[in-house]
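Shown next, in structure tokens, is the structure this report addresses.
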Amino acid sequence: MSFTFIVKLTFISVMGYLAATINNFDLQVCQSTLDMQKVARLRYQCYRSVDAIGENEHQEFQDRYDAQTNTKSCMVYEDDQLVGSIRACVYAAELGHLNIPAFEVYKDDIQRVIGLDKVIVESNRFVITQEKADSKSLFKIPFRFIVLNINKFDADYVITAVREKHVPLYQRFLTMEPISQPKKYPGIDVDMVLMAGNCKKGMSALTAREPMYAIPSYEVESYTL
């Protein structure tokens, strides 16, 4: 089954970012404390639905990386409903080489395969509402935000931790390869395999295959963490 994505870009000068509308889904960068509260509630609901975290009285899930200056989250809306979110954490000299979550458990693997002298974008905290979990079109949309960060920081590698059963999907979809054994990902009680993709080798093929990832230069220039 294939999907045709229609991308409409609208400049929002207050945000300083071009919000993308794709097949009736709106991709928006988190810009406020209220935005992050919405994302934290969505993460909590999604993680609780698969017993990846315990209960808490606030019914929100955040971690210390949300407050770091090398991190930004985005939201995906369908009409007025928040249905998905993803976070980009960037490891780069220009951002002070601030740590990224994957370093907590996969740093040896990253150093062995990639090296710590590279610019790395980590995709993490990817959640979709239970009602939309099987949506093949929605699955691809949040990764446009990851590609935006790859382009902005001229990343050498993109990494993400996934459940072992999802490894083949990420190999097909993003031409990423596993570089670790399953390990508990920080903050959640789930064994995950770290996957990595070489951006210099793989991005042109990805954008040719998925035109919505061909992000125009003016959008990249307007984006800030």
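Modelled spin-label separation between ASN198 and THR21, with each label point placed 7 Å from Cα along the Cα-to-Cβ direction: 4.0 nm. A Förster radius of 35 Å combined with the Cβ-Cβ distance from PHE173 to HIS58 puts the calculated FRET efficiency at roughly 0.55. With no solvent and one equal point scatterer placed on each C-alpha of segment 59-105, evaluate the Debye formula and give log10 I(q)/I(0) for q = 0.22, 0.25 Å⁻¹, two decimals. Scattering profile of segment 59-105, log10 relative to I(0): -0.83, -0.95.
Work out, step by step, the length gained on full extension between GLU164 and GLU131: first 0.36 nm times the residue separation, then minus their alpha carbon distance; give nm to one decimal. Kindly include the intermediate steps, with their values, before the conclusion.
On the way: separation 33, 0.36 × 33 = 11.88 nm, distance 2.25 nm.
Answer, rounded to one decimal: 9.6 nm.
Size descriptors for segment 9-121, from the alpha-carbon set: Rg then Dmax equal 16.1, 44 Å.
The count of lysine pairs in segment 143-225 that are at least 8 places apart or cross chains, and whose C-alpha atoms lie under 23 Å apart, stands at 4.
With helices as the sole contributors, the chain gives -9000 deg cm²/dmol at 222 nm; each DSSP H run of n ≥ 4 counts as -39500 (n - 2.57), and the sum is divided by every residue.
Across segment 41-57, rounded Karplus estimates of 3J(HN,Hα) from the backbone phi angles (6.51 cos²θ - 1.76 cosθ + 1.60, θ = phi - 60°) give 5, 5, 4, 4, 4, 5, 5, 5, 5, 10, 6, 7, 9, x, 6, 9, 5 Hz, Gly and Pro being marked x.
Here the extension length gained between TYR218 and LEU95 equals 42.1 nm, from 0.36 nm per residue of separation less the Cα-Cα distance.
Net charge of the neighbourhood of CYS199, taken over other residues with C-beta under 10 Å away and scored Lys/Arg +1, Asp/Glu -1, is +1. Projected over every direction and averaged, the convex hull enclosing the alpha-carbon atoms of the chain yields 11.8 nm².
Amide H contacts under 5 Å for SER180: LEU194, restricted to partners 5 or more places along the chain or on a different chain, H placed in the peptide plane at 1.01 Å from N.
From the phi of every residue in segment 113-130, what ³J(HN,Hα) in whole Hz does the Karplus formula 6.51 cos²θ - 1.76 cosθ + 1.60 yield, where θ is phi - 60° and glycine or proline is x? In residue order, the calculated couplings are 8, 9, x, 9, 9, 9, 7, 10, 10, 9, 8, 8, 6, 7, 9, 9, 4, 4 Hz. Normalised radius of gyration (Cα atoms, divided by 2.2 N^0.38 Å) for segment 108-225: 1.07. Normalised by the number of residues in the chain, the average gap of Cα pairs under 8 Å and 6 or more apart makes the relative contact order 19 percent.
Label-to-label distance, LYS118 versus ALA205, with points set 7 angstrom from Cα along the beta-carbon direction: 1.5 nm. Can you give the local net charge around ASP156? Use residues other than it whose beta-carbon is closer than 14 angstrom to its beta-carbon, Lys and Arg +1, Asp and Glu -1. Here the charged neighbours net out to 0.
Between amide H atoms placed 1.01 Å from N, distances below 5 Å from ALA161 occur with MET195, all of them 5 or more places distant or on a separate chain.
Read the figures in this text as sums done on the coordinates, not as results from a lab. Since we're looking at a predicted model, the values are computed, not measured. Note: ideal-geometry Cβ built from the backbone for every residue, glycine included; neighbour counts use all protein chains shown.
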